[in-house]
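Since the structure comes first, as structure tokens, the remarks are kept for the end.
The values are calculated or read from the model by the stated rules, or taken from the named source; none is laboratory data. Since the model is a prediction, treat every value here as computed from it, not as a measurement. So basically every Cβ, Gly included, is an ideal-geometry build from the backbone, and we count neighbours across all protein chains shown. Ligands, DNA and RNA are stripped out before the accessible areas are found, and what is left, the full protein with its side chains, is counted by its heavy atoms. Shrake-Rupley method; radii C 1.70, N 1.55, O 1.52, S 1.80 Å.
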Amino acid sequence: MQVTEVANEGLKRAYTVVVPATSIAAQKDKRLAELAKDMKLPGFRPGKVPQKVVLARYGQAVMGEVLEASVQEATGKVVTENNLRPALQPKIELVNFADGGDLEFRMDVEVLPVIPMPDFAGISLTRLKAAPGEDEVTKALDSITRRQASLEETEARPAAKGEVLVCDFVGRIGGEEFPGGSATDMPIEVAGPGFIPGFTEQMEGMAPGEERIVKTSFPADYGSADLAGKDAEFTVTAKALKIYSKPALDDELAKTLGLESFEKLREVILESLQREYDGQSRMALKRKLLDALAERASFEVPGGMVENEFSQIWQRVEADMKAGKLDGDDAGKDEDTLKAEYRAIAERRIRLGLLLSEIGTTNNITVTREELGNAMRAEVQRYPGQEKQVFDFFQKNPQALENLRSPIFEEKVVDFMLELAKVEEETVTPEALAEAAQQI
């Protein structure tokens with residue numbers, strides 16, 4: 001095999017590879033002989049079919065197999081002998097081949113860069129900490145009692161926010177009733193969710209026996225194309241007023257939730273809130289760490305990897321553009337500006353991903369079989385009744401397992417770096433912590 005380097009610029013390499021005709025012919029003859037052993041044709045004893053007959057029937061298919069195998073084997077040798085670390089699968093282009101002649105192809109490949117290790121001790125971070133107080137516990141208890149509450153009819157009076165009116169309503173567009181726009185005895189929470197924007201808000205102050213005209217518009221992205229973006233008018237008749245009757249904050253409430261006492265319920269709420277705050281703290285700290293690493297990482301990244309990442313991001317952006325769901329920061333930007341910004345995001349992701357991978361590899365950080373098994377079981381439990389199918393899916397799809405392994409590996413690398421970095425703690429309010437986490 002003859003290998004010639006024809007390009008070496010940055011992370012890009014290119015080679016022309018010539019596989020001798022003798023090697024191609026030998027592999028072809030070997031494969032044809034294997035087929036002849038099992039070939040059965042009328043008039044010939046098993047395994048005694050003449051080679052020219054085998055060649056006539058399978059020659060073209062065998063040549064395809066041989067060429068593919070020869071390219072794969074030669075490509076592997078080029079990678080090994082030149083100590084290459086391909087970032088993506090090499091691109092192969094056939095240069096020249098004729099039956100009985102040499103096989104010549106060109107191999108283009110981008111390699112992974114040399115990644116210098118940052119000075120972890122030079123990274124200074126602040127971990128934000130928050131603890132739940134009585135206000136947060138009270139809000140959580142209120143939410144629980146609201147979910148456990150029953151609706152009870154009360155005296156006829158103007159309805160307040162959060163109360164429920166039982167109503168009949170008829171919807172019209174352009175003076176004409178439309179399908180699905182009417183209902184009878186419908187419970188509607190005043191200023192509550194579940195209806196098109198502006199509908200329930202206009203019902204505040206209605207009393208049983210009162211009729212009111214509610215005017216609103218269907219959102220532009222409404223599920224029904226016939227209604228999306230159109231103005232509508234609803235004639236709403238209130239028939240009864242109901243209020244939520246919340247259970248008492250006592251041991252009986254705790255027992256309905258599977259806990260032995262009200263104090264245990266408070267304890268569970270505090271633990272749950274603390275886990276939530278700790279998770280927000282972790283998210284904010286990790287982002288600060290990644291920002292610090294990004295500032296220190298200036299190595300070149302493979303363009304093909306960036307392009308693949310950008311393509312995935314841009315598909316989601318285009319979908320949001322078509323649905324009119326771009327966020328406020330992006331909505332006023334032209335397409336060229338958005339592409340430039342998201343390509344920069346793609347490059348940052350690839351650079352950080354390569355750096356984290358190199359840090360983990362250099363420091364012998366691995367994901368254990370137990371950790372991967374726990375992650376797989378947690379994923380399986382998300383699909384009650386389909387556990388076996390999901391488990392079999394992971395067993396048969398290595399890439400699916402890799403998708404579970406990658407975030408575990410990343411978190412272990414982050415833990416490793418945080419142990420080496422200078423991390424100070426700052427106590428903040430839950431609101432300040434939530435705001436910091438939302439900036440992720």
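Summary of computed values
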| item | result |
| --- | --- |
| Tail weight of P(r) past 35 Å, computed on alpha-carbon pairs of the chain, percent | 62 |
| Gain in span if fully extended, M1 to A432, counting 0.36 nm per residue against the direct Cα distance | 148.7 nm |
| Per-pair calculated FRET efficiency, R0 = 51 Å: V18 and Q439 via Cβ, rounded to 0.05 | 0.35 |
| Gap separating the Cα centres of the range 358-394 and the range 189-213, nearest whole Å | 48 |
| Fraction of accessible area attributable to carbon and sulfur, the chain (%, probe 1.4 Å) | 49 |
| Stretch gain in nm, segment L326-T235, where the contour uses 0.36 nm per residue and the Cα spacing is subtracted | 29.4 nm |
| Euclidean distance of C-alpha centroids, the range 74-99 and the range 240-287, integer Å | 59 |
| Estimated FRET transfer efficiency when R0 is 60 angstrom, pair Q315-V53 (beta carbons, to 0.05) | 0.70 |
| Per residue accessible area of the range 55-139, 1.4 Å probe, in Å² | 59 |
| Candidates V268, V53, V18: whichever shows maximal mean-square fluctuation once the chain is modelled as a Gaussian network with Cα springs under 10 Å | V53 |
| Rounded tilt (10° steps) of 262-296 against the dominant C-alpha axis of the chain | 40 |
| Charge context of E233, other residues only, Cβ under 10 angstrom, K/R +1, D/E -1 | +1 |
| Selected from D142, D99, D415 as most flexible by GNM, with the chain as the system and alpha-carbon contacts under 10 Å | D99 |
| Student exercise, the chain dipole from Lys, Arg, Asp, Glu Cβ charges, in Debye to nearest 20 | 2400 |
| Computed magnitude of the charge dipole of the range 281-328 (debye, nearest 20; Cβ of K, R +1, Cβ of D, E -1) | 360 |
| Computed over the range 214-317, the ratio Rg/Rh where both radii use C-alpha atoms and Rh is Kirkwood | 1.23 |
| Label-point separation, K91 to L249 (7 Å along Cα→Cβ), nm | 6.6 |
| The chain: angle of helix 303-323 to the longest principal axis, Cα-based, in degrees nearest 10 | 30 |
| In degrees, nearest ten, helix 134-148 long axis to first principal axis of the chain (Cα) | 90 |
| Most mobile of R172, R343, R405 in a GNM of the chain (Cα contacts under 10 Å) | R172 |
| Probe 1.4 Å, accessible area per residue of the range 300-440, Å² | 65 |
